[in-house]
Amino acid sequence: MSVASNRADTFEAVVIGAGVAGLAAARMLAEAGRRVALLEARDRVGGRIHTVQSVQGDLPVELGAEFVHGLPAELIDLVDEAGLTRFELDGDSRCAGPGRGVSRLGPCGDQHVVHQLFEELSHVQLSPQSRDLSFSEFVGQRKVGAEATAWATNYVEGFNAADADRISVRALAKQQVAEDAISGERIFRVVQGYVRVPEFLLGRFRDARGEFFRSMAVRSISWEPGKVEIATETGRVLSAKSAIVTLPLGVLQARRVAFSPQPTEILKAADSLAMGSAARVVYEFDSAFWKEFTSLKGVSFLFAPDATPPTWWTTSPKPGSTLTGWIAGRKAKRLEMDLLPETGLETLSALLGSPLHDVKKHVLRWHMHDWQVDPHSLGAYSYVSRGAIDASDQMSLPVEQTLFFAGEHTDTSGHWGTVHGALRSGCRAARQLLAQP
């Protein structure tokens with residue numbers, strides 16, 4: 001491997017990807033006095049955090065990660081350090097039961113069987129000797145009935161962007177324990193927009209004299225112990241002693257970046273995980289007209305497993321005139337994205353029991369982003385396939401003390417698919433690099 005001799009392109013470390021994992025790692029390294037380059041393929045920071053402004057000046061619209069799940073200390077501290085404000089979603093839920101088509105919303109009714117199912121899930125044995133199951137297999141063994149199965153499957157696929165026939169029960173059990181430890185049932189939003197968090201990290205990185213390169217996709221990574229050469233699509237080549245790679249799981253699995261030599265064990269572990277599918281449509285309306293329906297005042301979430309999208313949420317208790325429709329897992333894979341805005345309005349009309357033209361007259365605009373075809377993500381976020389519970393641990397191990405991998409898919413604490421999981425992984429990778437002589 002030839003190492004570039006141009007001092008301007010030689011660094012102590014290069015971090016690939018300016019999502020939260022990459023930004024957190026780059027900041028730690030730069031503040032530790034290392035000369036660091038941060039490369040980002042997009043023309044913005046944040047990765048799968050993607051915020052746009054609303055037309056009416058309401059809360060910003062989130063097209064990627066939206067929620068702070070629970071009270072993870074490192075993320076809460078970061079939001080506070082950035083001087084940002086968070087609020088907790090608070091309100092009732094309304095449901096349209098499965099098996100009856102897209103019917104009008106009403107009270108969600110007794111979910112005792114579903115709650116019991118997830119309580120049992122939290123006690124799944126995590127010993128290496130225990131046989132892993134998919135969630136579908138787990139539910140099938142319990143014979144809980146069609147309606148409870150539909151509700152539970154809709155939740156697991158919607159929350160994890162997963163295929164219930166593939167997602168690991170052992171991973172779900174680990175995830176539930178992790179969520180319980182941080183009050184994961186509580187959900188928060190950042191008032192100023194989630195993108196302010198990665199923007200703050202970038203500012204701190206630059207304050208520490210880190211060098212940021214946007215719109216610079218990586219083509220290849222050539223390496224040997226103690227030396228890395230990174231070739232970009234722009235033709236620029238950077239060299240360093242080590243690199244932290246935060247490419248999303250979908251990009252790693254597609255081999256969009258060539259490694260020479262290949263980190264075989266890392267890529268094998270990556271291939272055993274799954275990149276989830278999810279889509280959303282966010283409608284900006286001229287008013288929160290759904291509050292005219294007495295039963296929907298103060299409502300946060302709407303659930304309708306037979307609908308497209310099957311999950312909806314408001315900005316309650318914050319005033320706002322946006323509604324978000326969410327579809328994930330197997331349903332998202334079958335989705336015709338171009339039809340989603342119109343289909344969503346038809347669904348909303350049926351759920352509210354209001355004529356379609358009455359719903360449409362309130363629409364100002366809608367927003368979508370298809371993460372599955374986005375070349376810089378190739379999916380929404382990761383989940384653990386049956387039998388792959390140790391894959392993220394394997395991906396967190398340094399390769400010859402030269403290549404370090406981070407990103408939500410490498411989280412080892414059970415918080416896959418979350419911003420705080422990504423944040424933890426970036427800090428872990430930076431600590432690993434800094435520990436090298």
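Filter the cross-link list Lys333/Lys361; Lys333/Lys360; Lys297/Lys333; Lys297/Lys361; Lys291/Lys318 down to pairs whose alpha-carbon distance in this structure exceeds 23 Å. Don't skip to the answer; put the middle values down first.
On the way: Lys333/Lys361 30 Å; Lys333/Lys360 26 Å; Lys297/Lys333 33 Å; Lys297/Lys361 20 Å; Lys291/Lys318 13 Å.
Those over the limit are Lys333/Lys361; Lys333/Lys360; Lys297/Lys333.
Based on Cα contacts under 8 Å between residues 6+ apart, the chain shows a relative contact order of 26 percent. For segment 88-93, 3J(HN,Hα) computed residue by residue from phi via the Karplus equation (6.51, -1.76, 1.60; θ = phi - 60°) reads 9, 5, 8, x, 7, 10 Hz, glycine and proline entered as x. Once Lys and Arg get +1 and Asp and Glu get -1 on their Cβ, which of Ala32, Leu201, Pro248 lies farthest toward the positive end of the dipole of the chain? Farthest along the dipole direction, towards plus: Ala32.
With the charge dipole of segment 106-236 set up from +1 on Lys and Arg Cβ and -1 on Asp and Glu Cβ about the Cα centre, the Cα lying farthest toward the positive end among the listed residues Ala162, Val228, Ser130 is that of Val228. Sort out for me the Cα centre separation of segment 12-77 from segment 170-189, rounded to whole Å. Distance between centres, Cα-based: 22 Å.
Check each of the trypsin sites (Lys or Arg not before Pro) in segment 132-199 and keep only those in coil by DSSP with at most 16 other C-beta atoms within 10 angstrom; list them in order.
Details: sites: Arg142, Lys143, Arg166, Arg170, Lys174, Arg186, Arg189, Arg196; in loops: Lys143, Arg166, Arg186.
Sparse-neighbourhood loop trypsin sites (Lys or Arg not before Pro): Lys143, Arg186.
In this structure, the amide hydrogen of Phe259, modeled 1.01 Å from its nitrogen in the peptide plane, lies closer than 5 angstrom to those of Ile221, counting only residues at least 5 positions away or on a different chain. About its Cα centre, the dipole of segment 336-382 is roughly 260 debye, where the only charges are +1 on Lys and Arg Cβ and -1 on Asp and Glu Cβ. Among the listed values (1) 24.9, 81; (2) 23.4, 73; (3) 22.2, 70, the one computed from these coordinates for Rg and Dmax of the Cα atoms in Å is (3).
On the chain, 50 percent of the accessible area sits on carbon and sulfur atoms, based on a 1.4 Å probe. For segment 295-335, trypsin sites (Lys or Arg not before Pro) are listed when DSSP marks them as loop and at most 11 other Cβ atoms sit within 10 Å of their Cβ; the list is Arg334.
Look at the dipole of the chain built from charges on Cβ: of Ala258, Gln372, Val190, the Cα furthest out on the positive end belongs to Ala258. Residues whose amide H comes within less than 5 Å of that of Cys95, counting only those at least five positions distant or on another chain, are Gly106, Cys108, Phe303 (H built at 1.01 Å from N in the peptide plane).
Please give the charge dipole size of the chain, origin at the Cα centre, charges +1 on K and R Cβ atoms and -1 on D and E Cβ atoms. Round to the nearest 20 debye. Write down the numbers at each step before the final one.
Details: 46 positive and 51 negative charges, 128 e Å.
With Lys and Arg at +1 and Asp and Glu at -1, about 620 debye.
3J(HN,Hα) along segment 166-177: 10, 5, 6, 5, 4, 5, 4, 5, 4, 4, 5, 4 Hz, from the Karplus curve 6.51 cos²θ - 1.76 cosθ + 1.60 with θ = phi - 60°, whole Hz, x for Gly and Pro.
Overall, segment 139-202 carries a charge dipole of about 120 debye about its Cα centre when +1 sits on the Cβ of Lys and Arg and -1 on the Cβ of Asp and Glu, all other atoms neutral.
The values are calculated or read from the model by the stated rules, or taken from the named source; none is laboratory data. Since the model is a prediction, treat every value here as computed from it, not as a measurement. For neighbour counting, all protein chains shown are included, and Cβ atoms are generated from backbone atoms with ideal geometry for every residue, glycine included. Areas reflect the complete protein model, heavy atoms only, side chains present, ligands, DNA and RNA absent. Shrake-Rupley method; radii C 1.70, N 1.55, O 1.52, S 1.80 Å.
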